[in-house]
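Quick notes on the structure that follows.
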Number of protein chains: 6
Amino acid sequence: MRLNVINPNTTRGMTDTIAAAARRIAAPDTHVMATQPAHGPVSIESHFDEAISAVGVLEEVANGDREGADAHVIACFGDPGLLAAREVTRAPVIGIAEAAFHMATLISTRFSVVTTLGRTGIIAEHLLEQYGFRHHCRRVRAAEIPVLDLEDDGDAALKRIIEECRRARDEDGIGAIVLGCGGMADLTDEIAEAVGLPVVEGVTAAVKLAEALVGLGLGTSKHGDLAFPRPKAFVGRFEHLSGTTK
Amino acid sequence: MRLNVINPNTTRGMTDTIAAAARRIAAPDTHVMATQPAHGPVSIESHFDEAISAVGVLEEVANGDREGADAHVIACFGDPGLLAAREVTRAPVIGIAEAAFHMATLISTRFSVVTTLGRTGIIAEHLLEQYGFRHHCRRVRAAEIPVLDLEDDGDAALKRIIEECRRARDEDGIGAIVLGCGGMADLTDEIAEAVGLPVVEGVTAAVKLAEALVGLGLGTSKHGDLAFPRPKAFVGRFEHLSGTTK
Amino acid sequence: MRLNVINPNTTRGMTDTIAAAARRIAAPDTHVMATQPAHGPVSIESHFDEAISAVGVLEEVANGDREGADAHVIACFGDPGLLAAREVTRAPVIGIAEAAFHMATLISTRFSVVTTLGRTGIIAEHLLEQYGFRHHCRRVRAAEIPVLDLEDDGDAALKRIIEECRRARDEDGIGAIVLGCGGMADLTDEIAEAVGLPVVEGVTAAVKLAEALVGLGLGTSKHGDLAFPRPKAFVGRFEHLSGTTK
Amino acid sequence: MRLNVINPNTTRGMTDTIAAAARRIAAPDTHVMATQPAHGPVSIESHFDEAISAVGVLEEVANGDREGADAHVIACFGDPGLLAAREVTRAPVIGIAEAAFHMATLISTRFSVVTTLGRTGIIAEHLLEQYGFRHHCRRVRAAEIPVLDLEDDGDAALKRIIEECRRARDEDGIGAIVLGCGGMADLTDEIAEAVGLPVVEGVTAAVKLAEALVGLGLGTSKHGDLAFPRPKAFVGRFEHLSGTTK
Amino acid sequence: MRLNVINPNTTRGMTDTIAAAARRIAAPDTHVMATQPAHGPVSIESHFDEAISAVGVLEEVANGDREGADAHVIACFGDPGLLAAREVTRAPVIGIAEAAFHMATLISTRFSVVTTLGRTGIIAEHLLEQYGFRHHCRRVRAAEIPVLDLEDDGDAALKRIIEECRRARDEDGIGAIVLGCGGMADLTDEIAEAVGLPVVEGVTAAVKLAEALVGLGLGTSKHGDLAFPRPKAFVGRFEHLSGTTK
Amino acid sequence: MRLNVINPNTTRGMTDTIAAAARRIAAPDTHVMATQPAHGPVSIESHFDEAISAVGVLEEVANGDREGADAHVIACFGDPGLLAAREVTRAPVIGIAEAAFHMATLISTRFSVVTTLGRTGIIAEHLLEQYGFRHHCRRVRAAEIPVLDLEDDGDAALKRIIEECRRARDEDGIGAIVLGCGGMADLTDEIAEAVGLPVVEGVTAAVKLAEALVGLGLGTSKHGDLAFPRPKAFVGRFEHLSGTTK
């Protein structure tokens, strides 16, 4: 199968990190196509960044479909554009936040999230509510590191993430930790070893869920509210989207 | 005060409808600036349309701020880009869905929503959940009319909306009806008269809530998760957003 | 418009405080009629006080209607008698707790309440649940000051409220604070300045919401469960209510 | 033990009905003191009626305490004044709505409520939410009979209640029915026989719960938010309450 | 009436403790039949222990029915086998966790649970959710003592339980404490005295609730999802259950 | 990997059906070990059947571990013994109900369940609540066919299931259907084709989720409340479990 892993920000280094993690975990017959939008923010740390990035995500889903993708992964922990992406494709689309939450509930009764910046905690909270996992998550914690520090100052970032994970382990009454940023995809093993309880990372979780859905022959439902959008005109810089959404 | 009413779709006729409704209800000293994005879909009837429209909404918020807006209204019932918009301005930002929901709970214990297309019901449901009004809404109903039919085939659309509102009144055990589309802003009185119970419309509700917040001296909190986004680089067609989000 | 602001306790000094705050914030064409019951407790600090005060609130709503009130405000943070009041009038009725909660959710994603006595926290919790804002409120805090100390020992009370608000700001992960007592209506600005994030106060919020509803032409629904009560006999000291509730 | 069963309305006939039901079910050593307020509505069919009746309930709780009551029952399905009543006494206080809900969950997984008037359904819904039983109740149904018809036109009322209970049994997927009015206390057996599944009635349920609590030596907690109200002045027709609430 | 009190573990000493507590609290005409399974774990401290113990509970319910039991109590705080037990008998079946929760909500607005081992907290949480009491419980606490220490090292256990109860009283904002283990049944009075607020214990609570239901003539509903299981074949060591479940 | 698929009932024919479905969907390098308990009911259609079957499930998990299983699937839609099974193994354990629910939320916003007997709907409801999917499921429907009819009268059963699925599709406003019985595992394709929207079946979903978890290197958390049970004595017919639960 062909798996289109989309890094919603425009930082190629993070795409590489994500792609490497995806490829390490993918099945032998899964071809990982890693990409990032041509247009958008270099990192995603707010609702604003997310809203802009969603446009690029949707374009990359369309690109992926044209290149024969069997499934798509949105590799930013806010799952930007997830439901919109599901509307425009028959393929399954998996967000890494939802992927991590689902997997965490299968191996523990309660988990905590450790994310980058405290201000993005509200995004995780809203997703937990929408997905149904509000009560499975004990706490959303932040290491208070900007996303790109994961690229630029990896050792210091790792240290702070491990510290926060240990606090989660010791204080939250949990069985597992969810890493709250796609940029942490290459740190999972080190963190898990340092913390000593299962650490669920979204990129890798999403890859396996996408493989699972494709294996089941399940694609996004085109019956009801995720059907293709009604074709219509778009104007201005989005004119190329006109009439194409079927 | 200067009130920036943003029609998130690009159909000028609908902007005019919305602006007229906003001006009719606005206080004498409220100057209504009505606008729509230069870029985006002609109507919003899906998550996809919403995601694209959010970019235009954010640009119009920024434009409005430059023109001295004291508050902003997002005049599409899905409240596209609401939290992102709140991040980028000190002014209050009100979505018309939230506005209508809030007002409906102040005059009734339970309400129903009558929207355009059934497929957008899920958007209303997610908003009801996030805002806390899940249990105040008995049912999300659809008249099954495309949004632009409100402009192009107004009489037939009105007739179907009234029929659905009457069913809501007779079957749902409610005290009020919420109209689920900004394009219905000029129909409120006719519908209310035909149906015989309070009908809450979002554009007008949002105008009065925006006036209320400005009157109270309350703007969007810049403490915590709605603080200005961290400045950063944007690339490609969004390059103009670089470093500007403070 | 004529706005009937009801202080549910019988302390005239607090009525004056509330009325002054209401008048400062009211639109030029809003005539604020401030009143308090002739019968009831001098302050409201328990379910018991609230239950007794509700009778006076209902009488003042009826009085207000006779004097041509276009809307009513119940200016005690427990919103005593709110749904009963809505039944007996066509005018909108706004409680100051609900008003503050609604406004707080429009400018922040999460808020905390700072009220007078810890024992009344349960009243706020029940209201948050009923109104739908349980998850928008991080914490209900108390400054542990009796209500009338706000009148009698204002400076000490203010100091303690500010301290508790600062703790809320620093510990709760919030964007706004809701003041949990009508008697704090004159302290809002001082508190907001001292604390440095938006402070929402219920009396002023309710005045603007009442103006908004009247501006929209929306009154309490008389369809369904807030219709006028069935007329009936009352006996004893409530005999004067017989047959009058239509 | 001495059990103070309070009919919150002022109709003596209904007090007699309630008292008879209570006495039939009470343990041999339970002395049932039945009473109704001297002041208030002849029936309770709205939030307004409920608010007025709460005053009388509180006075009857105080009277009962003076006469040595070991527990109190509030025999109106809206549980008027329940938390206020708990504040002013060390004895347990049981509302008949809560009593019926609790008992119904012990013998079935899901129940429906059959009450008198549709307009009071919202009162039951709010209680279900506050008590935690929202999801245990499939539906709140109304036979659409005024409360006093239970006294004045008993046969017709019984017929309509049985019809509605049968609909509940056949359509709601339930295991038990809760009768939603204290005035139905003498009809339980007939209804249960006609409907063929367990029928839970609140007055009788409350009597047994009160006996259970007294048997356990458990009274209303005086630690925290149900502690006695702070003593204070009351004015006007409630002056006799001054300083007495400890 | 004959009340079948089942200790789900196989430790006779704990059965004796439970039986003594049940007999002390039971009405004079209640005959307490105390029993424990012939097969199963000596204590219940995990989901695993609970699953095995449920088989014994179901056999003891059947035994109890054969000996004329009018009601059954499952005296382990996880309520093992509760719904299954309700299916196989017409008599009421009460779990001690649910019994304690119900009673605690009748005398306080919020309570905390103090149980034995932290790892069983999740069992209490799931029950609170299923029964509807999630928001009535502030916190599930553990004294971190193995269950059988209650038998073998009673004084040390009591000391630690009291310490944890005091922390609950001082930190949780509660009005009552629920003891989270059947083996604490004989400690209630001492704990309540040491802690100074109402302490609700499940065995005694369940005895009184069972008496209440029997007094009301209410048994487990045989309409709908608690009807007797369809008779069928069982094989292997459960062959004796074949065809008997009506 | 070695995948231990446990049919919790003792009907070998159903094990074969389940095993065949599992093998068809499993990855080439997944070795499916299919088994059923030696002791227990021939079908599971009640809480009682489920409680008995859980013992056999736990024994088969232990057997599977001894034979080198990398993961376990519990192939009955009530997920009997799921948390207990997780306690006794380091391997992942997946229930087919949870598996189907998780997968359905990844391809649709709302789904309905079509199960065998109406009486088991409550089991699905409780699982939906515990797992967090209450609001993602519009309705739990039953075809009203006994489980073994799936084996013995397959064509008639299939016809009724398809009819109910079509009603779900047409009335429930859903995007996908979840099949509510392990015995339907071989019918998925036929049903999906006849109904025309995605049909999620639990056995196949669980196989892919198990493979996904193993691929991720994630096992059941042994930190916290799913740690191995404390070793202890078991008596009677469960004596062989003594001291073995580490």
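The values are calculated or read from the model by the stated rules, or taken from the named source; none is laboratory data. Computed from a prediction, not measured in an experiment: that's the story for all the values here. Note: ideal-geometry Cβ built from the backbone for every residue, glycine included; neighbour counts use all protein chains shown. Only protein heavy atoms, including side chains, enter the accessible area calculation; ligands, DNA and RNA are left aside. Shrake-Rupley method; radii C 1.70, N 1.55, O 1.52, S 1.80 Å.
Cα-based radius of gyration for chain C, normalised by 2.2 N^0.38 Å, reads 0.97. For residue E:32, the amide hydrogen comes within under 5 Å of the amide hydrogens of E:3, counting only partners 5 or more places away or on other chains and with H modelled in the peptide plane. What the protein assembly as shown shows is 30 Å² of accessible area per residue, with the surface traced by a 1.4 Å probe over protein heavy atoms.
Centre-to-centre separation between the Cα atoms of the range F:123-170 and those of the range B:132-195: 34 Å. Peptide C:21-29 has a mean of 2 when you count, residue by residue, the C-beta atoms of other protein chains within 10 Å of its C-beta. Between 0 and 90 degrees, the angle of helix E:202-215 with respect to the longest Cα principal axis of chain E falls at about 50 degrees.
Helix E:96-107: angle to the longest alpha-carbon principal axis of chain E, degrees 0 to 90, nearest 10? With both axes taken from Cα atoms, the answer is about 50 degrees. Chain D against chain C buries an accessible area of about 4100 Å², both chains summed, 1.4 Å probe radius. Kirkwood radius and radius of gyration were both taken over the C-alpha atoms of the range C:97-203, and their ratio Rg/Rh is 0.92. Averaged over the residues of B:100-113, the number of partner chain Cβ atoms lying within 10 Å of the residue Cβ comes to 6. Pairing the Cα long axis of helix D:12-25 with the longest principal axis of chain D, what angle in degrees results, from 0 to 90 and rounded to the nearest 10? Here the helix axis deviates by roughly 80 degrees. DSSP assigns beta bridges within the protein assembly as shown; of those with both partners inside it, close to 5 percent run antiparallel. Its residues counted as N, the range B:1-105 yields a C-alpha radius of gyration over 2.2 N^0.38 Å of 0.97.
For chain D, modelled as a GNM whose springs connect Cα atoms under 10 angstrom apart, the maximal fluctuation among D:62, D:85, D:210 occurs at D:62. Among A:163, A:60, A:50, the largest mean-square fluctuation in a Gaussian network model of chain A, built with springs joining Cα atoms closer than 10 Å, belongs to A:163. Exceedance of the 31 Å cut-off in Cα-Cα distance is limited, within the set C:159/C:208; B:222/F:222; C:222/D:232; B:159/C:232, to B:222/F:222; C:222/D:232; B:159/C:232. With 42 Å as the cut-off, how large is the P(r) tail for the protein assembly as shown, expressed as percent of Cα-Cα pairs? Summing the P(r) tail past 42 Å for the protein assembly as shown gives 48 percent. Annotation for the range C:19-57 versus the range E:209-246: alpha-carbon center distance of 57 Å.
Helix content alone sets the calculated 222 nm mean residue ellipticity of chain B: runs of n ≥ 4 DSSP H residues at -39500 (n - 2.57) each, divided across all residues, give -13500 deg cm²/dmol. Shielding of peptide D:235-243 by partners, expressed as the average count of other chain Cβ atoms within 10 Å per residue Cβ, is 5. Sequence-distant contacts, meaning Cα pairs under 8 Å at least 6 residues apart, place the relative contact order of the range F:97-202 at 35 percent. Each label point was placed 7 Å from the Cα along the Cα-to-Cβ direction; for residue D:65 and residue D:194 their separation is 4.2 nm. Distances between placed amide hydrogens fall under 5 Å for residue A:45 paired with A:50, all partners being 5 or more residues away or on another chain. For the protein assembly as shown, a crude dipole built from +1 on the beta carbon of Lys and Arg and -1 on the beta carbon of Asp and Glu, taken about the Cα centre, is about 0 debye to the nearest 20. Using a Gaussian network model of chain C in which every pair of alpha carbons under 10 angstrom is joined by a spring, one finds that among C:25, C:74, C:191 the greatest mean-square fluctuation is at C:25.
Using a cutoff of 8 angstrom between alpha carbon atoms and counting only pairs six or more residues apart, the relative contact order for the range E:1-85 works out to 41 percent.
Scaling against 2.2 N^0.38 Å puts the C-alpha radius of gyration of the range B:159-246 at 1.68.
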